[in-house]
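The structure appears below as structure tokens.
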Amino acid sequence: FQKQVCDDIGRRLTVLGDTWAQGKLSAPVRKRMSLLVQELQQQHWDAADEIHRSLMVDHVNEVSQWLVGVKRLIAEMRMLAAEPAAEPDGSTEARPGQEEP
């Protein structure tokens, strides 16, 4: 992550958290966000992205201040999950079926 991207995501998620805590989110938005979190936890990036799109289409006025942060979070998590795991010495180890660099 670049610091600027992290800061932007953090600001937008803070708005989401505050809005949620103040009870300003409708039940359908809360339910879809709960489902989106479950999909992220299971690394189902496409499903999370689809929920994000449905929120933007169906509830744009309610979610516009913070949903961009959710979109960026999904994209960053997807990229991080796709990166090869780094070994403690900083090297990367090829997984079966991958060629060494």
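Where a number appears in this text, it was derived from the coordinates with a stated rule and is not lab data. Model, not experiment: these values are computed from the prediction. All Cβ positions, glycine included, derive from the backbone under ideal geometry; neighbour counts span all protein chains shown.
The loop-placed trypsin sites (Lys or Arg not before Pro) in the stretch 19-84, going by DSSP, that have at most 11 neighbouring Cβ atoms within 10 Å of their Cβ come out as K24. Overall, the stretch 1-82 carries a charge dipole of about 140 debye about its Cα centre when +1 sits on the Cβ of Lys and Arg and -1 on the Cβ of Asp and Glu, all other atoms neutral.
With the Cα gyration tensor of the stretch 1-82 giving a ≥ b ≥ c as the square roots of its eigenvalues, does the rule (a/c under 1.5 for rounded; else a/b larger than b/c for prolate; else oblate) give rounded, prolate or oblate? Walk me through the numbers before you get to the answer.
Details: a/c = 1.88, a/b = 1.25, b/c = 1.51.
Because a/c hits 1.5 or more and a/b fails to exceed b/c, the stretch 1-82 counts as oblate.
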